[in-house]
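Worksheet: one structure, shown below.
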Ligand code: FES
Ligand code: FES
């Protein structure tokens, strides 16, 4: 590309550079590919996400929109230019405040903030939000980013080493992320940032049809006439099983479709070659003969009488059913003072992580294959890749890169099997980077739901019965549909004592994109319906909505509707924490509305619960801590940190269990050749499940050390260089590590494995579904413009029972991020196949959309949790949408039954209410 173009000279981070390339080429590409400055990220290549933000002559610009020709003679500053050996004050502020979670947006955020602080050294929160408005973050909810910029402006930033808790004191501290430095330095290696220099490129050809048969013509001819095209891979080139998925018996998605596609975006053909060869070859030039068929779009079409079967194994298009039945629900309704019911509908929701899928594969010695990609589930990737290759899993090495957001969307394999097949077929390294549209088109979504629910209560407000029938659109392939079908019945009636319950679910195949895991596995959709009915009952009974929830909240010693007796239940504490805010917000809204006809304020509240870990299935985790002869202490941790902070939390737990300071630990993460199987980063399980494994590993190593020194359980450990000192009262023993027998350099190690104690559920859903549950309650204050039908969330208050906040900064970050995603679910996010396949049509909350969030952390220690802790990743999101919808209803009198409550939908509801008014 460079040979025929004169060099364009400019300056980058103070250094003159000259790049001979096309002047039309994007600055972002030049920075990354020609200059190796991969700190500048590409999330959309369309000016929508701001991940590529750099400074051009001191002003923030999207580098993906700037042609290099416009840069001639000018100064570019990238994230790599912020630090001068040491991290800058701004970078340290991001690190200290927990402003970087996954870190993929962090370089763009830092550059936008640097631009602001150069212009306005003491910016207001409004000015900060305005400056950051062009950069999207899907993880943090923006609050800690705003906090970090304000802290940097005020100079309120500590030294990097300020937080070094002593031995036994790590749990409970606001330890900055142990993997945070590279995220704020811009040196973190995400999936698109690195690959072997000689890697070929992979391009996947996808179906433009939701349902079609197809035939491929002469691909050898295509290869002959396309120099640089090395291979064309079809279904016939998949050496093993051409089917992947989550559950045995339901691995139904082909790596490459064999002549029939079931959704728009399905992979049918893979091209492998040089990047320029692939770029020159359009899909229209390929011999693909399509025979489109009428698709079954949506649940109603798939369940219609006589609907064709999308898969032979599901003649009625029902992939899976769930059921929970307790008591006599009909009798419960009959005995009640009031009964309410309603129908609700939710949309496809896109994960919209800022990092599109990417990675590479390469052959290894010993007839093995390595795949390096972003993922939430390295061991599952290993299994699925090996299945597609038809080889033993031990011949596959998965090396996860840093993961730029997942939220469930990177649990299913995406790039891994095809990369591996391409590398095996060509015997070369092969890489791929999805475009934003490809990511959105081809990967899983949140299940759309169609829900009917009915609830009854006695005159005093105590719940008498609850019933739900919910259908979930699982799309063309199974993915996590069975999980949604089984999890929702356990949770659907909410965190309340209900004597009579009957919840039924179906996961329904359609010709829509596959729906999979997305922060909550169907529970957020069910909570929208269930919490609306709680509000209905409260209204009918004339009981305050907070009071209604408090009266029915589960308490320690209660049994769930699935018959599980609960021990740690912090929900009453969460609701009590909100009470003063609730009353104050109601008073504020009333005072405002007394003088406001058009802009009406409302307050809503919702409670939630969420079982941590897999539903009634084993989900063990394994951790290992090793001490080597040089005194290096390492936690080998296979739990992938997708931004939530598990690498830090697990180290804090391991350190306190062992009794050595956390800063003396190194960690090795998520490489299937080096770490044990910690299971998937999903279902809010890593703190609870892997945390217990880390605790056990720490305790095991401590036990070995104490036994070696013949010391008692209260002995203090000190590690200094190659000497380990054990002080037990007056007895002090020092071990010279170099003198201990070693295995591969390791002189002492501890291994911990833990699996939550669950039991299988019977046909009525009775059993121990989860080891523990997270509880929470949130309230929302909104202002609705009755003329424009727009909704502005002006404040959120969240109280969450986390058992023990191992790292309060990270817990708060999860709550902020969950609320931001819940706000999107309630008000703006709706994926429409074929129409919203980029980030300018599919809108996610910006910094201007997420209000201040007040947080109460309720620490009701879970006896099974490591140091009492349980998960918060998914619980943080579940109550948000129902709280916001309740607030809209309080402001307007309109009950929204179909989300998102976008303006046209709210306007129609307002019009209908006006029309119905007497
Ligand atoms: S990559 Fe440039 S704005 Fe998204
Ligand atoms: S930290 Fe902002 S997108 Fe992940």
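Out of curiosity, is residue 99 out of contact with any strand residue (DSSP E or B) (no Cβ under 8 Å at 6 or more places or on another chain), at pLDDT 95 or above and either within 16 Å of ligand 2 (Cβ to nearest atom) or at negative phi (or both)?
Numbers: out of contact with any strand residue (DSSP E or B) (no Cβ under 8 Å at 6 or more places or on another chain): yes; at pLDDT 95 or above: yes; either within 16 Å of ligand 2 (Cβ to nearest atom) or at negative phi (or both): yes.
It is true that residue 99 is out of contact with any strand residue (DSSP E or B) (no Cβ under 8 Å at 6 or more places or on another chain), at pLDDT 95 or above and either within 16 Å of ligand 2 (Cβ to nearest atom) or at negative phi (or both).
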Fill in: Of all residues in the stretch 5-35 being in contact (Cβ under 8 Å) with a residue 60 or more places away in the chain and part of a loop (DSSP other than H, G, I, E, B), the one that is nearest to ligand 1 (Cβ to nearest atom)
13
Worksheet item: Taking the stretch 40-62, which residues are away from ligand 1 (no atom under 13 Å from the Cβ) and in a loop (DSSP other than H, G, I, E, B)?
Response: 57, 58
Item to complete: Please determine, by comparing only the residues of the stretch 188-199 that are farther than 19 Å from residue 428 by Cβ and away from ligand 1 (no atom under 16 Å from the Cβ), which one is surrounded by the most Cβ atoms within 10 Å (Cβ to Cβ).
Response: 188
Discussion item. Can you pull out every residue in the stretch 587-627 that is under 21 Å from the mean Cα position of the chain (by Cα) and at positive phi?
Written reply: 613
Fill in: Pairs where the first residue, in the stretch 36-58, is under 21 Å from residue 189 (Cβ atoms) and the second is more than 6 Å from ligand 1 (Cβ to nearest atom) and modelled with pLDDT under 95, C-beta under 6 Å, 6+ apart
none
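Within the stretch 143-168, can you find the residues that are at pLDDT 95 or above and more than 18 Å from residue 120 (Cβ to Cβ)?
Once the filter is applied, which keeps residues that are at pLDDT 95 or above and more than 18 Å from residue 120 (Cβ to Cβ), the stretch 143-168 yields 143, 144.
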Fill in: Residue count, the stretch 117-141 (criterion: closer than 18 Å to residue 153 by Cα, more than 16 Å from ligand 1 (Cβ to nearest atom) and crowded, with 21+ Cβ neighbours inside 10 Å)
1
Worksheet item: If you scan the stretch 210-233, which residues turn out to be surrounded by fewer than 20 Cβ atoms within 10 Å (Cβ to Cβ) and assigned to a loop (DSSP other than H, G, I, E, B)?
Response: 217, 218, 226, 227, 228
Worksheet item: Which numbered condition trips up residue 568, out of (1) modelled with pLDDT under 95; (2) at positive phi?
Response: (2)
Worksheet item: Which of the residues belonging to the stretch 63-78 are in contact with a strand residue (DSSP E or B) (Cβ under 6 Å, 6 or more places away or on another chain) and either outside any loop (DSSP other than H, G, I, E, B) or within 14 Å of ligand 1 (Cβ to nearest atom) (or both)?
Response: 63, 64, 68, 71, 75, 76, 77, 78
Practice prompt. Could you grab me the full set of residues in the stretch 339-357 that are in a strand (DSSP E or B) and buried (at least 24 other Cβ atoms within 10 Å of the Cβ)?
Written response: 344, 349, 350
Response to the item:
Filtering the stretch 890-903 down to residues that are within 29 Å of the chain's Cα centre (by Cα) and assigned to a helix (DSSP H, G or I) yields 903
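Among the residues in the stretch 755-770, are any under 20 Å from residue 657 (Cα atoms), out of contact with any strand residue (DSSP E or B) (no Cβ under 7 Å at 6 or more places or on another chain) and part of a strand (DSSP E or B)? Before you say what the answer is, go through the steps one by one.
To start, the set of residues in the stretch 755-770 that are under 20 Å from residue 657 (Cα atoms) comprises 755-756.
So of that shortlist, the ones also out of contact with any strand residue (DSSP E or B) (no Cβ under 7 Å at 6 or more places or on another chain) come out as 755-756.
Narrowing further to those that are part of a strand (DSSP E or B): none.
Among the residues of the stretch 755-770, not one is under 20 Å from residue 657 (Cα atoms), out of contact with any strand residue (DSSP E or B) (no Cβ under 7 Å at 6 or more places or on another chain) and part of a strand (DSSP E or B), which makes the answer no.
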Practice prompt. From (1) buried (at least 18 other Cβ atoms within 10 Å of the Cβ); (2) under 27 Å from the mean Cα position of the chain (by Cα); (3) more than 16 Å from ligand 2 (Cβ to nearest atom), pick out the condition that doesn't hold for residue 46.
Written response: (1)
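Among the listed residues 85, 69, identify the single one that is away from ligand 2 (no atom under 16 Å from the Cβ) and farther than 30 Å from residue 648 by Cβ.
On the way: 85 fails: farther than 30 Å from residue 648 by Cβ.
Checking each option against the conditions leaves just 69.
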Discussion item. On the basis of being farther than 30 Å from residue 827 by Cβ, away from ligand 2 (no atom under 16 Å from the Cβ) and out of contact with any strand residue (DSSP E or B) (no Cβ under 7 Å at 6 or more places or on another chain), does residue 370 make the cut?
Written reply: no
Worksheet item: Looking at (1) more than 21 Å from residue 645 (Cβ to Cβ); (2) away from ligand 1 (no atom under 15 Å from the Cβ); (3) buried (at least 24 other Cβ atoms within 10 Å of the Cβ), which is the only condition residue 93 fails?
Response: (1)
Practice prompt. Please state which one of 568, 561, 538, 526 is within 22 Å of residue 768 (Cβ to Cβ) and in contact with a helix residue (DSSP H, G or I) (Cβ under 6 Å, 6 or more places away or on another chain).
Written response: 526
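Restricting attention to the stretch 171-187, which residues are more than 27 Å from residue 866 (Cα to Cα) and either in contact with a helix residue (DSSP H, G or I) (Cβ under 7 Å, 6 or more places away or on another chain) or buried (at least 18 other Cβ atoms within 10 Å of the Cβ) (or both)?
So in the stretch 171-187, the residues more than 27 Å from residue 866 (Cα to Cα) come out as 182-187.
Across the stretch 171-187, the qualifying residues are 183, 184, 185, 186.
Okay, residues lined up against (1) more than 18 Å from residue 648 (Cβ to Cβ); (2) in contact with a strand residue (DSSP E or B) (Cβ under 6 Å, 6 or more places away or on another chain):
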site: 800; (1), (2): yes, yes
site: 805; (1), (2): no, yes
site: 810; (1), (2): no, no
site: 814; (1), (2): no, no
site: 817; (1), (2): no, no
site: 832; (1), (2): yes, no
site: 837; (1), (2): yes, no
Worksheet item: What number of residues within the stretch 488-508 are over 25 Å from the mean Cα position of the chain (by Cα), farther than 11 Å from residue 329 by Cβ and assigned to a loop (DSSP other than H, G, I, E, B)?
Response: 1
Worksheet item: at negative phi and touching a strand residue (DSSP E or B) at 6+ places or on another chain (Cβ under 6 Å), is that true of residue 108?
Response: yes
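The values are calculated or read from the model by the stated rules, or taken from the named source; none is laboratory data. The structure presented is a predicted model; accordingly, all values stated were derived computationally and were not measured. Using ideal geometry, Cβ is built from the backbone for each residue, glycine included, and neighbour counts are taken over all protein chains shown.
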